[in-house]
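Have a look at the structure below before the remarks.
The values are calculated or read from the model by the stated rules, or taken from the named source; none is laboratory data. Computed from a prediction, not measured in an experiment: that's the story for all the values here. Note: ideal-geometry Cβ built from the backbone for every residue, glycine included; neighbour counts use all protein chains shown. Accessible surface areas use protein heavy atoms only, side chains included; no ligands, DNA or RNA. Shrake-Rupley method; radii C 1.70, N 1.55, O 1.52, S 1.80 Å.
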Amino acid sequence: MIIDCHGHFTTAPPQLAAWRDRQVAAAGGTGEAPDPAELVITDDDLRAAIEGNQLRLMDERGIDLTVFSPRASFMAHHIGDFEVSSVWARICNDLVHRVGGLYPDRFATGAMLPQSPGVDPATCLPELRRAVEELGAVSVNLNPDPSGGHWTAPPLTDRSWYPLYEALVDYDVPAMIHVSTSCNPAFHTTGAHYLNADTTAFMQLVQGDLFADFPTLRFVIPHGGGAVPYHWGRFRGLAMALGRPDPVELLENVLFDTCVYHQPGIDLLTRVIPSRSVLFASEMIGAVRGIDPDTGHHFDDTRRYVDATPYLTAEERAAVHSGNALRVHPRLAARLAAADR
């Protein structure tokens, strides 16, 4: 079995973006906020959005199931206030949950949280509980920078985040550390901000003692961990200079995915990072959608790279493809086990 732990609904029906445009305009003082009931998306709309896109590519690439969450760049927590984010998160989470209901063997819900700059993270708890208890979410996306590229939030090791971590531990649900759109012109959203955030999050964890307080908390850092595997010696050296443990000790709680879009990158990831801490993922139809002229294959067809790397044994490759994902997402594992009975 092959589980893609990192998928977003980037092909959502256009009604969703049109509704969001009205909400954003209202948040900026133009017009009235739209009623969620005014957003009408049928099951046929969802099928049309999925079957010719994510589902087709999953079939072509031999991917069995995707942990599917709202479009990361659409989270845009910096827009409006907490109420704006709360309504938007609820709508987006409901939509990915409906996709999972239409294709229960192919998609599992990953939820977004209604974060807002300067707002206590504990305000996200009601939506977190609803996503897990009512929508069956197996993971959540946690934005370490709700300000959209200005980094006004405290580090992930700050105690203000603890109410969320306590809930994640109670539910036994991992968080993918994933930023959203950058509104800072100095940082391109997917080419700079995403990778900066992956690297920044890891360094914050190196500097703190978060997992001493939450030994079972699990974070997935996407996009291959940003710069982390490539600069593993730097992080080890900095940890020594700061009097911190070797970063390898973080890898019991921190995992990197395989959203790395060339063979040398996957080779490096699987050579440097222990296989138990790598999860298969593609983020297909995401930041990089084109075909690599050097290979003739899509950049985001990451299964090709994972299958080809010489730095995994057959057993390790199977763990990357699904075993690690099932260990990290126990609610997904329980759901699949129940379906097999």
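Close amide H pairs (under 5 Å, H built 1.01 Å from N) link H298 with D292, residues at least 5 positions away or on another chain.
Over region 140-210, calculate the relative contact order: mean separation of alpha carbon pairs under 8 Å at least 6 apart, over the residue count, as a percent. RCO, region 140-210: 40 percent. On the principal axes of its alpha-carbon atoms, region 1-143 has extents of 46, 29, 23 Å, going from largest to smallest.
Protein-only accessible surface at a 1.4 angstrom probe places the residues R289, R276, R234 in the order R234, R289, R276, largest first. Computed over protein heavy atoms with a 1.4 Å probe, the accessible surface of the chain works out to 41 Å² per residue. Translational diffusion coefficient of the chain (Stokes-Einstein, Kirkwood radius from Cα pairs, 37 °C, 0.692 mPa s): 162 µm²/s. Three semi-axes describe the equivalent ellipsoid of region 207-341; taken as square roots of 5 times the Cα gyration tensor eigenvalues and ordered largest first, they are 26, 22, 13 Å.
Legend: residues I91, I3, sorted from most to least accessible area (1.4 Å probe; ligands, DNA and RNA excluded), read I91, I3.
Solvent-accessible surface (1.4 Å probe) assigned to S322 amounts to roughly 20 Å². Residue ranges 34-42, 48-56 sort as 48-56, 34-42 when ordered by packing (mean number of other C-beta atoms within 10 Å per residue, highest first). Amide H to amide H, with H built 1.01 Å from N, N141 comes under 5 Å of A111, M112, L113, M176, counting only residues 5 or more places away or on other chains. Taking amide H as placed 1.01 Å from N in the peptide plane, V67 has its amide H under 5 Å from the amide H of D4, C5, H6, G7, A108, each at least 5 places away in sequence or on another chain. Of the residues S139, W161, P104, the one whose Cα sits farthest towards the positive end of the charge dipole of region 96-163 is P104 (charges of +1 on Lys and Arg Cβ, -1 on Asp and Glu Cβ, taken about the Cα centre). Here I291 sits with roughly 90 square angstrom of accessible surface, probe radius 1.4 Å.
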